[in-house]
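Written out below as structure tokens is the structure these notes cover.
The values are calculated or read from the model by the stated rules, or taken from the named source; none is laboratory data. Source: prediction; values computed, not measured. Positions of Cβ are generated from backbone atoms using ideal geometry, with glycine treated the same way; all protein chains shown enter the neighbour counts. Keep in mind that these areas ignore ligands, DNA and RNA; they rest on the heavy atoms of the full protein, side chains included. Shrake-Rupley method; radii C 1.70, N 1.55, O 1.52, S 1.80 Å.
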Amino acid sequence: MDSSAPRPVDLLRGALLPDGRLVDVAISGDTVTEVAPAGTLRGSVDGTLDLAGRLLLTAPAEPHAHLDKALSADAIRPPLGDLGAAIASWSAHATTTTVDEIADRARTAALTMLAAGTTGPGPRRVRRARCAGPRAGP
């Protein structure tokens, strides 16, 4: 497989789907336009990426994320296996963290998910918590 990506790609050749089919996938811009048995579609020489039977999956979507709490476990050290104690640990820690710290962790977590292919982190809200320092909103 050519490692010079990113580059415009108009055909994924020889992709293995989770159901076991080996297919070619035609792409126009950011849209899949056709999926057909392997070896049946044609793309431009420079725009064809041969997957050589590698597994092709859709981008993962994160259906539920607590970005305000992202990447905080090392600082909080919540007890494992005890949701109530974990919530209490976070509540105690929240009074010592700033809005900027929460925003930095949330941004880092969101960019990490994006780099891994996650396309839809949600819900897109941050629970209001008592934070040290100034905070936005009412």
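Points to keep in mind about this one:
- Net length available on complete extension from Asp30 to Ala92 is 17.8 nm, with 0.36 nm assigned per residue and the Cα-Cα distance removed.
- Total charge dipole magnitude, the range 32-86, about the Cα centre, Cβ charges on Lys, Arg, Asp, Glu only, Debye to nearest 20: 80 debye
- A 1.4 Å probe run over the protein chains yields, for the range 13-97, 64 Å² of accessible area per residue, whole-number rounding.
- The value given for the range 25-67 is a Kirkwood hydrodynamic radius of 13.0 Å, derived from the mean inverse Cα-Cα separation.
- Cut-off 13 Å, label 7 Å out along Cα→Cβ of Leu22, residues of the range 51-77 by amide N: 51-55
- Backbone geometry of the range 83-90 corresponds, through the Karplus equation with coefficients 6.51, -1.76 and 1.60 at θ = phi - 60°, to 3J(HN,Hα) couplings of 4, x, 5, 5, 5, 4, 4, 5 Hz, x marking Gly and Pro.
- Reported value for the range 13-85: 187 Å³ per residue, from the convex hull of its C-alpha atoms.
- Each of Ala85 and His66 was given a label point 7 Å from its Cα along the Cα-to-Cβ line. The distance between the two points is 1.6 nm.
- Residues whose amide H falls under 5 Å from that of Glu34, counting only those 5 or more places apart or on a different chain, are Ala26, with hydrogens built in the peptide plane.
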